[in-house]
1. As a test of the definition: with a 1.4 Å probe, what buried accessible area, both sides summed, do you compute for B against C, in Å² to the nearest 100?
2. Anyone know which of B:Asn105, B:Asn84, B:Asn37 comes out most mobile in the 10 Å Cα GNM of chain B?
3. Using a loss threshold of 30 Å², tell me which positions in region B:74-88 are less accessible in the complex than in their chain alone. Probe radius 1.4 Å, ligands and nucleic acids ignored.
4. Compute and list, largest first, the equivalent-ellipsoid semi-axes of region C:1-54 from the alpha carbon gyration tensor, each √(5λ) rounded to a whole angstrom.
5. Rounded, prolate or oblate for region A:108-181? Axes are the square roots of the Cα gyration tensor eigenvalues, ordered a ≥ b ≥ c, and the cut-off for rounded is a/c under 1.5.
6. Could you pull the accessible area for C:Ile132 with a 1.4 Å probe, rounded to 10 Å²?
7. Just how far, in whole angstrom, is region C:1-42 from region A:150-218 if you go by their alpha carbon centroids?
8. From the C-alpha gyration tensor of region A:2-217, pull out the three semi-axes of the equivalent ellipsoid (sqrt of 5λ each), sorted largest to smallest, in whole Å.
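The values are calculated or read from the model by the stated rules, or taken from the named source; none is laboratory data. It should be emphasised that the depicted structure is a prediction, and the values quoted were computed from it without experimental measurement. Glycine gets a Cβ as well: all are built from the backbone with ideal geometry, and neighbour counts include every protein chain shown. In case anyone asks, the SASA skips ligands and DNA or RNA and just uses the protein heavy atoms, side chains included. Shrake-Rupley method; radii C 1.70, N 1.55, O 1.52, S 1.80 Å.
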Amino acid sequence: MIALLLRDLRLAMRAGGGFGLGLAFFLLVAVLVPLGVGPEGGVLARIAPGILWVGALLACLLSLDRLFALDHEDGSLDLLATAPIPLEGVVAIKALAHWLVTGLPLTLAAPLLGVLLHLPDSGQVWLVASLAVGTPALSSIGAFGAALTVGLKRGGLLLSLLVLPLYVPTLIFGAEIIKRGAAGMAVEVPLLLLAGITLGAAAALPFASALALRINLR
Amino acid sequence: MDFVVSDLAVARGGICVLEGVNFTLRPGAALVLRGPNGVGKTTLLRTLAGLQPPLEGQISAPPEAIAYAAHADGLKGTLSVTENLEFWAAVHGTRGIDHALDRMNLRDLRDRRAANLSAGQKRRLGLARLLVSGRPIWMLDEPTVSLDVASVALFAGVVRDHLGQGGSALMATHIDLGLSEAAVLDLAAFRAQGRVQAAHGFDEAFA
Amino acid sequence: MSIWEYANPKKFIATAQRVLPWVATGAAVALIMGLIWGFFFTPDDYKQGSTVKIIFLHVPAAMMAINAWVMMLVTSLVWLVRRHHVSALAARAAAPVGMTFTLIALATGAFWGQPMWGTWWEWDPRLTSFLILFLFYLGYVALWEAVENPDTAADLTAVLCMVGSVFAVLSRYAVKFWNQGLHQDSTILKVGEKDPLDPAYYWPLAVCIAGFILLFVALVLLRTITEIRLRRLAVIEARERLGS
């Protein structure tokens, strides 16, 4: 299992692995939105939580279609399915690797983009907290979507169509945490709900994803 | 332990291609699957490896005893030969890839990235995975594709050693590996009479 | 006599074809009666005027939009557990019908909201939830269309339906949390409370709901028969290609 995690991380870091693409996309969103909306600080500060969360969501989505598709093409997925590690574990590890190369860098880079979007200082800590708690759910849910569409030729678009509605609760609670935090309100309730979604998704979805993978492999 | 397959029926794309497949593979024995293209060799091997459920019939060995080598070798181009092989060794919980590198004549290439290997070298690396899997029953789907004469002989030696150590091998191949001890199973004899899998319990209702 | 007898497609088609005319007629009668009664023979609301009468389309459509998804969930589970093809095909047949009901609920909601709230679209939790439900339907139908092998498609959509149901419920609560909303509460089951549904509306609405239920059953039966025949056709074609 650790070997699989290390392999996926190594593949992401090597040339053509796509590490940093999501981060660059996230940065572009934060630059393009003010260009479209106008430079008014008050407006930007108000929409910053939503923009940052939508940006993180789309940046995650960007690399999802490669999650199983590459392993499917070169035969690794067949071999992993016949290997002595459970397929549920394979899915969980690959989702974890996906989070380490997309969700985690996004979380760490987010305060910088928060400054670009005039997010109040009181919101910064909640921006990082909400992304840290919420982005693992994005990877788990995304892995489920990727497992459903792994055998399809043009799976990328369908993947977005399947995954984005599933992202709704994560997005709502995540952005709500920042909004409330920036306004100095209590954030415990949305934070706990978001943590609940992440834990639930990480615990239960690998089973559904592994089921979908087995169906697609046969 | 004998590997016994009884009354197996397998489907490809919803259509039953082989039925009534029976054979026994003893430790130390090899069986070569023959038959024209499309007869269902790959489908049979995938079913035996546990990648798809059989329509009917029994397979005596669990998938955990089977090492499967398909057309695709499961290699990552940006990883080196050593990294690729070490990964599969770790997945299978075995140690030491040196032996496998030596046997498949890959020692000199060990630091080369898999993307820079020739087709035959890639194939040798894919087959070296069998050696690190530590599993007794090998399922080989056209193992000699893109191998030159010397490499075929090398691989035949590897298979012979595996059989000598009590392993067994089931292979679909058109090329004679020169394994005199291998029995031949002609799959054309088990060709199904065009039963459609979707029909299973569905089609009969209209009969 | 067990319900599983209808898992036999031939038996299902035979029974469905016998029942279908009655259900369709019932749906037509109930809808015509309910809508005429509701539109022309009920008083205007003291606050909402005649706009309130859109309730006779809006409420039944919204109810069936949700019930259709629940039915898909049940039939998907039956397919996963018992492998009855008819069940999977019924789920497939129900999806576009449910999607259409969702659209009707959204559209009538917009027509109702315009004079009441002064806007065609309001990000009200109920309306937003239905918009999200529509997206779930869209994904489900798209997955059915995208996968070639029918059994694989049935399996994958069944798994999606199960996971989707959990997330649909989660979304409903998340959306409530996100915005408290303008939408009035459901009034149907509020007899004896502060702001109940006028009894004058109660019976025509009940007839309309019955009409929508019958319409749904009729459409699903018809579409399931069609799906079974399409599957049967695919089987025959596959056998032709095999030349036997």
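1. In total, chains B and C hide about 1300 Å² from solvent.
2. Sorting by GNM fluctuation, first place goes to B:Asn37.
3. Buried on complex formation: B:Gly74, B:Lys76, B:Thr78, B:Leu79, B:Glu83, B:Phe87, B:Trp88.
4. 41, 12, 7
5. prolate
6. Looks like 20 Å² after rounding.
7. Centre-to-centre distance over Cα atoms comes out at 39 Å.
8. 32, 18, 14
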